[in-house]
């Protein structure tokens, strides 16, 4: 029992030790280990969890590894226990709710059972039954997603390898490391091409388009989306085709070519309805609403956002529901009805927190900050930006981090806290420069100039003065 239980990487219930033991009475053996102080209790709010002292575990693992068949059997039994006997608390985070799958995945990897590891990677989890890798992405558990995806991608040659590479790219893209994400998307495309996986090719091309869209390289994004669309149509992938039509609409929207954007959105909408893909239909309606909002047709925008909301609520699409509330908040903000905007953004924030959507939560906090700023409630706005900054640091999203710092600096200028504002803006400036955001860099420099001016310090630090 002592050697076999060393296989666990983290504290586990007593039953795990008792069920992994071989050729012994589990109750008596566990009591014996306790009497000899070879069991350590771990902090837990609920059931008793136990583990081993690191030194003891190291020695026990060495003994266990000396017998290859016992070593492998222990890992398989540990994986089985994590998949069948692990029960997270009702108030556990989404990460803890996926803990059993992550631990089982690690045990199968240790004994090189890559097929079993692949099954866990793609296993539907959670109330919305997303594959494990998608659950990690949506909940912003990027480090965990990169770890499991990398380990699997390095050891398999099945089509799931392309999914792993794309998901590593998605994790880096969501953290603002766009160039790094492109490298992985390119690997995914090359793997799909070499293995003649046409659908995989279109997926990777679509991801490359999204990455270039994030860089503001909309013309290049359009080329990738068109190639992805062409491939999807050739292989009869109607769902993919609908997605790429929507992405083309988004890219043209960013270019300010609203006629083209609406044309592609309408094509995407028609195909989504033909596919009976209600979730995508709702997203396209939301995107159309955003385009009409940019055209100044706020009532038509609100109509589309409410249609999106209705579909999301009818289908139980909580993330879509949150996005619809967010878009409605933006629309009412454009109408300068900031109180109504705040009400919608608060509903969006509630949903983001309920589903543990960290990216959505940051966006909602930012929107609430902007609305309160527009009402000149700078202290309230600063509180929301502080919350966004805390999350951005936790998930290592550098772009969101510097945006929060910049917005905080702006609030502090209005609150006459000029020294604090300078400190925040000087933290944001090098990050904007590093990620190549000219707009962010310019905004920071202007705010620094204003803050120094308010302090009566006409002599701006040389490195800043040169940039100005």
Scope the stretch 90-121; condition part of a loop (DSSP other than H, G, I, E, B) and over 17 Å from the mean Cα position of the chain (by Cα); matching residues: 90, 91, 92, 111, 112, 113
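When the stretch 345-366 is examined, which residues are found to be more than 24 Å from residue 402 (Cβ to Cβ) and assigned to a helix (DSSP H, G or I)? Outline the logic, then answer.
Looking only at the stretch 345-366, we keep the residues that are more than 24 Å from residue 402 (Cβ to Cβ), and these are 346-347, 350-351, 354-355.
Those that are more than 24 Å from residue 402 (Cβ to Cβ) and assigned to a helix (DSSP H, G or I): 346, 347, 350, 351, 354.
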Neighbours by Cβ (under 6 Å, 6+ apart or cross-chain): first from the stretch 65-78, assigned by TED's automatic domain parsing to the domain that holds residue 7; second surrounded by 16 or more Cβ atoms within 10 Å (Cβ to Cβ) and assigned to a helix (DSSP H, G or I): 65/71; 71/64; 74/4; 75/107; 75/110; 77/20; 78/107
The stretch 73-89, subset outside any helix (DSSP H, G or I) and surrounded by 15 or more Cβ atoms within 10 Å (Cβ to Cβ), residue modelled with the highest pLDDT: 86
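May I ask you to verify whether residue 271 is surrounded by fewer than 17 Cβ atoms within 10 Å (Cβ to Cβ) and closer than 23 Å to residue 223 by Cβ? Outline the logic, then answer.
Details: surrounded by fewer than 17 Cβ atoms within 10 Å (Cβ to Cβ): no; closer than 23 Å to residue 223 by Cβ: yes.
No: the conditions fail for residue 271.
Return the residue satisfying two criteria in turn: it lies in the stretch 93-113 and is farther than 19 Å from residue 7 by Cβ and touching a helix residue (DSSP H, G or I) at 6+ places or on another chain (Cβ under 8 Å), and of such residues it is surrounded by the fewest Cβ atoms within 10 Å (Cβ to Cβ). It would help to see each step written out before you state the result.
Keep residues of the stretch 93-113 that are farther than 19 Å from residue 7 by Cβ, which gives 93-98.
With touching a helix residue (DSSP H, G or I) at 6+ places or on another chain (Cβ under 8 Å) added as a condition, the list becomes 94-95, 98.
On the way: 94: 20, 95: 16, 98: 23.
Filtering the stretch 93-113 for residues that are farther than 19 Å from residue 7 by Cβ and touching a helix residue (DSSP H, G or I) at 6+ places or on another chain (Cβ under 8 Å), the one surrounded by the fewest Cβ atoms within 10 Å (Cβ to Cβ) comes out as 95.
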Residue satisfying all of: in the stretch 179-196; under 28 Å from residue 402 (Cβ atoms) and crowded, with 23+ Cβ neighbours inside 10 Å; nearest to the chain's Cα centre (by Cα) among these: 181
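Report, by residue number, each residue of the stretch 204-217 that is farther than 15 Å from residue 167 by Cα and in a helix (DSSP H, G or I). Reasoning before the result, please.
Here is the first cut: in the stretch 204-217, the residues farther than 15 Å from residue 167 by Cα are 212-217.
Scanning the stretch 204-217 gives 212, 213, 214.
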Residue list for the stretch 132-161, filter: part of a loop (DSSP other than H, G, I, E, B) and free of Cβ contacts under 8 Å to residues at least 60 places away in the same chain: 141, 154, 155, 156, 157, 158, 159
The one condition in (1) out of contact with any strand residue (DSSP E or B) (no Cβ under 6 Å at 6 or more places or on another chain); (2) closer than 29 Å to residue 164 by Cα; (3) free of Cβ contacts under 8 Å to residues at least 60 places away in the same chain; (4) not assigned by TED's automatic domain parsing to the domain that holds residue 3 that residue 91 fails to fulfil: (2)
Selection within the stretch 355-371 - over 28 Å from residue 129 (Cβ atoms) and surrounded by fewer than 22 Cβ atoms within 10 Å (Cβ to Cβ): 366, 370
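Residue-wise test of (1) under 17 Å from residue 319 (Cβ atoms); (2) out of contact with any strand residue (DSSP E or B) (no Cβ under 9 Å at 6 or more places or on another chain); (3) in contact (Cβ under 8 Å) with a residue 40 or more places away in the chain.
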position: 345; (1), (2), (3): yes, yes, no
position: 356; (1), (2), (3): yes, yes, yes
position: 360; (1), (2), (3): yes, yes, yes
position: 380; (1), (2), (3): no, yes, no
position: 396; (1), (2), (3): no, yes, yes
position: 401; (1), (2), (3): no, yes, no
position: 407; (1), (2), (3): no, yes, yes
position: 412; (1), (2), (3): no, yes, no
Search result, residues across the stretch 309-341 that are under 24 Å from residue 129 (Cα atoms) and assigned to a loop (DSSP other than H, G, I, E, B): 316, 317
Lone qualifier among 281, 201, 220 - being under 25 Å from the mean Cα position of the chain (by Cα), in a helix (DSSP H, G or I) and surrounded by fewer than 17 Cβ atoms within 10 Å (Cβ to Cβ): 220
Residue within the stretch 433-444 that is more than 20 Å from residue 176 (Cβ to Cβ), in contact (Cβ under 8 Å) with a residue 24 or more places away in the chain, surrounded by fewer than 17 Cβ atoms within 10 Å (Cβ to Cβ) and not assigned by TED's automatic domain parsing to the domain that holds residue 173 present: no
Residue count for the stretch 1-55, restricted to those that are at positive phi and assigned to a helix (DSSP H, G or I): 0
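The values are calculated or read from the model by the stated rules, or taken from the named source; none is laboratory data. No experiment lies behind these values; they were computed from the predicted model shown. For neighbour counting, all protein chains shown are included, and Cβ atoms are generated from backbone atoms with ideal geometry for every residue, glycine included.
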